[in-house]
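For reference, the structure discussed in these notes is given below.
The values are calculated or read from the model by the stated rules, or taken from the named source; none is laboratory data. These numbers come from a predicted model, not from an experiment. Cβ sites come from the backbone with ideal geometry, for glycine too, and all protein chains shown count toward neighbours.
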Amino acid sequence: MKDTVAINYELEKNMEVISQLDAFVGEAVDNTLLNPDDCWQPTDFLPDMSTPDAFDEVKKLQERAAGIPDTIITSLIGNMITEEALPSYQTYFNLLEGINPEGSLLSDRGWVRWSKAWTAEENRHGDLLNKYLYLSGRADMRKVEQTIHRLIYNGFDPKSEKDPFQAIIYTSFQERATKVSHVNTGKLADKAGDTVLARICKQIAGDEARHEKAYKSFMKRIFEIDPNGAMLAFEKMMRKQIVMPAVLMGKGGSNPTLFDQFSAITQKIGVYTGWDYARIIDHLVKLWKIESITGLEGAAAKAQDYLAGLSDRYMRLADRMKAPDEISLAWLK
């Protein structure tokens, strides 16, 4: 009972802070996110199927894609599937305490506007990669579609306990992780000779970088308003570890270890590794000036000590982690 009361009090306090940030977040919608009429769309990077030379362009796309190793294609598919699960992410964001108290997606609150505009931009990523993979002929698209279906069917749980502080920390981390993954995939695609795919990945990574910057700025404000609450939320999120959005892609299906296979490939080819995880922690700790925050209360001060040494701990773990010798490829023809 006591724990429940404490949790409810903490959530109420966090909701008050979130309410104070509403105007700031609304400004981010106007200044960080893009007008749909002005930003890039998937068709900007793909053959125009209404032109006479459309099939020649598709053939060129397939010739470029043919030189990409299977491991990179599999990693790309996993990235795409993660992006395609956006219905779950928007639902999750609007269920956070204090984000959408009216329960209306037509609300003009800054946080609600953000959730819609952010996911609208993210939606293009899955669309573009899905169409590229379909035209490339490299993927078994029915298996891919089944996985997307399964992932959305299973839902999404970042273990943030409906706490907006923890959720914003999670998203700050995850946007940077996604950016890293797309950047590294693009580099490998370029090395394999597909300059168009490299440009696609770079463009998507650019979006993730803008979104990452915004979420980090939201959390920076929270640290300024409520350093104790922010510090405790950061510690809680990191003790649970950051789970990837696509972690449930295989749950309940014929291949329940599908996400583990995908993760093993990204580790092996350097798309997203244990070192990346450690570097993101280090980046956030330095950006939010965790070690220099003063006046913290008991539990928050202990959380500060824990967070200050966390990236070094994960870096040592990454140094001992071996890339898997054997990997299973999924979703390929």
Between Gly186, Gly126, which is closer than 30 Å to Asp282 by Cβ and either at pLDDT below 95 or touching a Cys at 6+ places or on another chain (Cβ under 9 Å) (or both)? Gly186
Can you confirm whether segment 221-233 contains a residue that is part of a loop (DSSP other than H, G, I, E, B) and buried (at least 18 other Cβ atoms within 10 Å of the Cβ)? yes
Where residues in segment 243-259 are more than 17 Å from the chain's Cα centre (by Cα) and either charged (D, E, K, R) or not in a loop (DSSP other than H, G, I, E, B) (or both), which of them is surrounded by the fewest Cβ atoms within 10 Å (Cβ to Cβ)? Lys251
Quick one: in segment 150-179, which of the residues that are at negative phi and assigned to a loop (DSSP other than H, G, I, E, B) is surrounded by the fewest Cβ atoms within 10 Å (Cβ to Cβ)? Asp157
Considering only residues of segment 33-90 that are among the β-branched types (Val, Ile, Thr) and without any contact (Cβ under 8 Å) to a residue 60 or more places away in the chain, which is nearest to Ser328 (Cα to Cα)? Thr43
Go through segment 279-304 and report how many residues are within 15 Å of Lys236 (Cβ to Cβ) and loosely packed, with under 12 Cβ neighbours inside 10 Å. 0
Some residue of segment 118-139 being β-branched (Val, Ile, Thr), in contact (Cβ under 8 Å) with a residue 24 or more places away in the chain and closer than 21 Å to Gly26 by Cβ: yes
Which numbered condition Ala189 misses (of (1) more than 30 Å from Trp288 (Cα to Cα); (2) in a loop (DSSP other than H, G, I, E, B); (3) of a type in the set (Gly, Ala, Ser)): (2)
